[in-house]
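Okay, structure first, notes after.
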Amino acid sequence: MALAQNEVLEGLAEIVVEETGIDAADVQLDKSFTDDLDIDSLSMMTIVTLAEEKFDVRIPDEEVKNLVTVGDAVTYIVNAQA
Amino acid sequence: MTTLNVRRGPEYTRILGLGVARGENAVPNDDLIEPINSSDEWIQKMTGIVTRVRANEDTSVIDLSERAARDAIAQAGLEPSQIEAVILSTISYPHITPGGAPVLADRLGATPAAAFDISAACAGYCYGIGQGDALVRSGAAKYVLVIGAEKLSDFVDPADRSISYLLGDAAGAVVIGASDTPGIGPTVWGSEGAGADLIRQTSSWLDVRDVPGTAFPTLRQEGPSVFKWASFKMPKIALEAIEAAGVTPDDIDVFIPHQANIRIIDQMVKQIGLPKHVVVAKDIVDSGNTSAASIPLATERVLRDGVAKSGDLALQIGFGAGLVYAAQVVVLP
């Protein structure tokens, strides 16, 4: 069953915290992965891969550059589940 | 009806000797950062590399191969004339033909050994081990010399931010022969040609000839995509190699992956679920990414540092341009 936006955000935040060690409270929809959370391209790929497994969705490599904010990723995952 | 004779070889093989040759110069990050507008800190964070070994201008792939091979043959307690097959794995020998292996065999005094090159990039050493093991067990050759050798500095673009700054020059060689006990586990190998563009040379040799303004080809990669493939798909291949060898991750003493990037190595360790006692080879820090040479180099390093010893079980896996991959569990020489 497709998860709601807040459930996806919560799950994604767990992954981001695990990968980067940053505070879960900082993982908000409007935060930029690069500029606000200081996540580099390789950590981003790890987050994307773990999100694919967790939410059972496929995020093509060429889409990753479009996932600028946490909200972009959450929206992509919610739509991909639908 | 006339029937043909067939040869049969010994049941088991092992690595009898190992030799390496690193490029003569340890090149620090600071020497490479200006054209890529980067920093020592960034390179270390993204790759783990502090220095990469690069060869002198007049040192060739064959020179590096010869140095490594002589040590491997000596450690095996053999004479070059006893080698019956030479497999040179390289993507940087600068001749389409003849191959480098016959030239190397001649220099070593290993003629008339069968001699051929293989192009399997960073998986090339493990491809060579798989072939060497099979040749000995089939009776096709009593002793096989396998070399992974690269002079990648001939194919780098100093302004390229994707791969050039990772690459180094080196050779690693082993001799494979018969053994009373199994010393080389089954090779799990394969390819994914759909990913051929992920690591590539910038243009074909025909474009260099036919298309005005085409630069000398150098290497490029789609770093994040390669990272994802290597970090998350290759652990499954490694686990298959462990299972094929009839052992478990607990039995592994040393993990010697292709030294592509320390971030890939760390993620692979996590994804495979290797126990804490397993020594993880990280020669990349000092030697950089030397493609087909990196696994034998890292093997020599763990032995020299005393963190692994002869007889230990090593899980080795190579992966790279093709895409191609190969893994096996071996007993260290």
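The values are calculated or read from the model by the stated rules, or taken from the named source; none is laboratory data. Given the structure is predicted, the values throughout are model-derived calculations rather than measurements. Please note: Cβ atoms are built from the backbone with ideal geometry, for glycine as well, and neighbour counts cover all protein chains shown. Remember, those area values only see protein heavy atoms, side chains included, never the ligands or the DNA or RNA. Shrake-Rupley method; radii C 1.70, N 1.55, O 1.52, S 1.80 Å.
Tally up the carbon and sulfur contribution to the accessible surface of the protein assembly as shown as a whole percent, 1.4 Å probe, everything protein left in place.
Details: 9200 of 18270 Å².
Roughly 50 percent, rounded to a whole number.
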- Task: Using the Karplus curve 6.51 cos²θ - 1.76 cosθ + 1.60 with θ = phi - 60°, work out ³J(HN,Hα) for each residue of segment B:274-281 in order, rounded to whole Hz, and write x for Gly and Pro.
- Result: 5, x, 4, 6, 6, 6, 10, 6
- Query: Which of the residues in segment B:220-266 lose at least 10 Å² of accessible area when you go from the chain alone to all protein chains together (probe 1.4 Å)?
  - Reply: B:224, B:225, B:227, B:228, B:232, B:263
- Task: Please name the residues of segment A:12-44 whose accessible area, counted over protein heavy atoms with a 1.4 angstrom probe, falls by no less than 50 Å² between the chain alone and the full protein assembly.
- Result: A:40, A:42
- Item | Computed FRET value (nearest 0.05) for residue B:81 with residue B:180, which takes r as the C-beta separation and R₀ as 25 Å | 0.55
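Accessible area per residue for segment B:235-293 in Å², computed with a 1.4 Å probe and the full protein assembly in place, what is it? Walk me through the numbers on the way to the answer.
Numbers: 2110 Å² over 59 residues.
I get 36 Å² per residue for segment B:235-293.
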- Any chance you could give the angle, 0 to 90 degrees and rounded to 10, that helix B:223-244 forms with the longest Cα principal axis of chain B? 10 degrees
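For a test of the definition: using alpha carbon positions, the gyration tensor, and the 1.5 limit on a/c, classify segment B:82-136 as rounded, prolate or oblate.
Details: a/c = 2.49, a/b = 1.08, b/c = 2.30.
Oblate, since a/c reaches 1.5 and b/c is not below a/b.
For B:34, A:52, write out the residues from largest to smallest accessible area, computed with a 1.4 angstrom probe and no ligands counted.
My answer, sorted largest first, is B:34, A:52.
Please calculate how many Å² of accessible area segment A:1-80 carries per residue, with a 1.4 Å probe and no DNA, RNA or ligand atoms counted.
Averaged over the residues of segment A:1-80, the accessible area is 53 Å².
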- Task: Find the sum over both chains of the accessible area lost when B and A are paired, probe 1.4 Å, and report it in Å² to the nearest 100.
- Result: 1100 Å²
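First check a/c for segment B:252-333, with a ≥ b ≥ c the square roots of the eigenvalues of its C-alpha gyration tensor; if it is under 1.5, answer rounded, and if not, answer prolate when a/b is larger than b/c or oblate otherwise. Don't skip to the end; give the middle numbers.
Details: a/c = 1.43, a/b = 1.25, b/c = 1.14.
Here segment B:252-333 falls in the rounded category.
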- Could you list the trypsin sites (Lys or Arg not before Pro) in segment B:293-333 that lie in coil according to DSSP, counting only those with at most 13 other Cβ atoms within 10 Å of their Cβ? B:309
- So for the pair residue B:240, residue B:206, with labels modelled 7 Å out along Cα→Cβ, what separation do we get in nm? 3.2 nm
- Task: Could you tell me how many degrees, from 0 to 90 and to the nearest 10, lie between the Cα long axis of helix B:61-75 and the main elongation axis, the longest principal axis, of the Cα atoms of chain B?
- Result: 40 degrees
- Under 28 Å from the Cα of residue B:276, which lysines turn up, not counting those fewer than eight places away in the same chain? A:54, B:45, B:228, B:233, B:236, B:309
- Between residue B:138 and residue A:81, Cβ-based FRET efficiency (R0 45 Å, step 0.05) works out to 0.30
- q = 0.10, 0.18, 0.19 Å⁻¹: log10 I(q)/I(0) that the Debye formula gives for chain A, counting C-alpha atoms only: -0.19, -0.64, -0.72
- Residue-averaged [θ]222 nm for chain B, counting only DSSP H segments that reach four residues, each worth -39500 (n - 2.57): -9000 deg cm²/dmol
- For segment B:40-182, with every protein chain kept in place, what is the accessible area per residue (1.4 Å probe, Å²)? 37 Å²
- Angle between chain B longest axis and helix B:124-138 axis [Cα atoms, degrees, rounded to 10]: 10 degrees
